[in-house]
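Working notes, beginning with the structure itself.
Here, each number is a calculation from the coordinates, and none is a lab measurement. As the structure is a prediction and not an experimental result, all values here were calculated from the model. Because the Cβ atoms are built from the backbone with ideal geometry, glycine has one as well, and the counts that use them run over all protein chains shown.
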Amino acid sequence: MKVFEEIVENIRSIGLKKPITVTEREGADGAPAYLLVCGEGRLNAFRLLGESHIPALVVNVTDEDAFIMSLAENIARRGHRPLEILADIELLLARDYTIDDIITRTGLSEKYVRDIVFLLEKGEERLIEAVQNGTIPLTTALEIARAKHDDENLGDMLEEAYKTGQLKGHQITDAKRLIEKRREKGPKTGGDRPKLPNSAHSLVKTYQREVARQHKLMLKADHAHQQLLLVVQGLKRLFADEHFVTLLRAEGLDSLPKYLADRIETA
């Protein structure tokens, strides 16, 4: 929420510096409607500020291009988070994009993309799942995948990764268990991985559902914040009443949780 709050505050103080991007589609009633391509955070910030209109750049793109544009902006905004980018690249590969296409459209480095594609093409489901779960970092998964199946030096590699901080805490133990399981049962998990949407329309619908879900969460968080402000203001007024404070002291209830006490003092 901190990043979103910064967006809201920036727009409140200096206005919108970059318009959102939309593409025109036909609505259910036949009237023109607009599909959001880029700028979900800016749009939600405008709504939170009570605005009914927002500057927008209208582009003429297909559903799939709209999805890719949105994907590229998300990658650029959040930085290199392996757990999410791995899924993004897998999605693009499933849409028959080449490695060069992915590099061009996402702005990711060639080595980074090729490393992730290497895991995907080798069918390293166990390693991919481990990366997605945060069990091991992507760099360790790549080293394991590139080693020979019976490589006895993997243990030394893990120890070195631990010493250099690449593996932390229990990760080295988890990595050793993963290697043993991979040796015994192979790189595939044997389960069905979630299937990706098989059409551009499905991709956009999936994206729109996620946008709607995130918007609902944001509204709930804002509602909870407003309720907390009301509680804080009410308590502040009560604690300003000496008779009320005396009554609380008599009942041994004159203290508050530190969080509430701090909020009341600064309110």
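Can you tell me what share of the DSSP beta bridges in segment 1-60 is antiparallel? A percent to the nearest 5 is fine.
65
Can you give the FRET efficiency for K181 and R114, using 1/(1 + (r/R0)^6), R0 = 25 Å, r = Cβ-Cβ distance, to the nearest 0.05?
Taking R0 as 25 Å, the efficiency between K181 and R114 is 0.45.
What residues qualify as long-range amide H neighbours of V59, i.e. H under 5 Å apart, gap of 5 or more or another chain, H built at 1.01 Å from N?
Hits under the 5 Å cutoff: V22, T23, E24.
Give the calculated FRET efficiency between D65 and L219 to the nearest 0.05, with a Förster radius of 25 Å applied to their Cβ-Cβ distance.
With a Förster radius of 25 Å, E is 0.25.
Between A31 and E160, how many nm apart are label points set 7 Å from Cα along the C-beta direction?
According to this spin-label approximation, the distance is 6.5 nm.
Please give the Cα centre distance for segment 102-166 versus segment 21-36, rounded to the nearest Å.
A separation of 42 Å, based on Cα centres.
Which one, G30, L16, L48, projects farthest toward the positive side of the charge dipole computed for segment 1-60 from Cβ point charges (K/R +1, D/E -1)?
L16
If R₀ is 51 angstrom, what is the calculated FRET efficiency for the pair T173 and V232, using the beta carbon separation as r and rounding to 0.05? Don't jump to the answer; show the numbers that get you there.
Numbers: r = 45 Å, r/R0 = 0.88.
For T173 and V232, the calculated efficiency is 0.70.
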